[in-house]
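Notes for the one structure printed next.
The values are calculated or read from the model by the stated rules, or taken from the named source; none is laboratory data. Here the structure is a predicted model, which is why all the values come from computation and not from measurement. Cβ coordinates were reconstructed from backbone atoms using ideal geometry, including for glycine residues, and neighbour counts include every protein chain displayed. With ligands, DNA and RNA removed, areas are computed over all heavy atoms of the protein, side chains included. Shrake-Rupley method; radii C 1.70, N 1.55, O 1.52, S 1.80 Å.
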Amino acid sequence: MAYSGRYIPTHPKKYKGNTDKIFYRSLWERKFMVYCDRNDAILEWGSEEIVIPYISPLDGRRHRYFPDFYIKVRQKDGSVKKMIIEVKPKKYCGPPAIPKRKTKHFVNEVRTWGVNKAKWEAAIEYCNDRTMEFKILTEDHLG
């Protein structure tokens, strides 16, 4: 199976957005799409359908962040919760370890971490303003 590609939902009515433009960029994203599509507790879902503005620490300018997923889920107690979900490898969910020598690779990791942190802080604020929850899912969650 390809690591990226187009996803065709089996329950297109649950999808909020254009079903012809659902793309996964990792097998973890695809796995989560299948979960959203087939799980009866997921009432609606979307992939990269929400836009959140954020300020990049690299250039101090406004950019647009498209979180991986939006879901509306029925909780066990019957209540409904809306969430924004980001799917990321665990190693990208915290600052990089400081190596003995500061290589270009390390500098790039620091830059990526700074941008991700800014995006996620903007997403938390966005969710708080809309009584939603922001979650980052890693390989630990997606098994």
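The residues of the stretch 6-49 have, on average, 59 Å² of accessible surface per residue, using a 1.4 Å probe with all protein chains present. In this structure, GLU49 and ASP77 have a Cβ-Cβ separation that, at R0 = 30 Å, corresponds to a calculated FRET efficiency of about 0.65.
If each Cα of the stretch 31-91 is one equal point scatterer, what is log10 of I(q)/I(0) from the Debye formula at q = 0.12, 0.21, 0.22, 0.27 Å⁻¹? The Cα Debye sum returns log10 ratios of -0.39, -0.87, -0.91, -1.11. Determine the alpha carbon to alpha carbon distance for each of LYS21/LYS102; LYS76/LYS135; LYS13/LYS81; LYS16/LYS104; LYS31/LYS102; LYS102/LYS135 and list only those over 29 Å. Over 29 Å Cα-Cα: LYS21/LYS102; LYS16/LYS104; LYS31/LYS102; LYS102/LYS135. Using just its DSSP H runs of length 4 or more, each adding -39500 (n - 2.57), the chain gives a mean residue ellipticity at 222 nm of -9500 deg cm²/dmol after division by all residues.
For GLU121, the solvent-accessible surface with a 1.4 Å probe is about 100 Å², rounded to the nearest 10. Once the whole set of protein chains is in place, how much accessible area is left on HIS11, using a 1.4 Å probe, in Å² to the nearest 10? Only protein atoms counted, so the area is about 90 Å². In plain terms, the chain from TYR3 to ARG61 could stretch by 17.7 nm, reckoned as 0.36 nm per residue minus the Cα-Cα distance. The phi torsions of the stretch 16-29, fed into the Karplus equation with coefficients 6.51, -1.76 and 1.60 and a -60° offset, translate into couplings of 9, x, 8, 5, 7, 10, 9, 10, 10, 10, 7, 5, 5, 4 Hz, rounded to whole numbers, with Gly and Pro shown as x. Going by the alpha-carbon gyration tensor, a ≥ b ≥ c the square roots of its eigenvalues, is the stretch 34-131 rounded (a/c under 1.5) or, if a/c is not under 1.5, prolate (a/b greater than b/c) versus oblate? Prolate, because a/c is 1.5 or more and a/b exceeds b/c. Amide H to amide H, with H built 1.01 Å from N, TYR7 comes under 5 Å of ILE22, PHE23, TYR24, counting only residues 5 or more places away or on other chains. Surface composition of the chain: carbon and sulfur atoms hold 51% of the protein heavy-atom accessible area at a 1.4 Å probe.
Relative to the longest principal axis of the Cα atoms of the chain, helix 104-129 runs at roughly 40 degrees.
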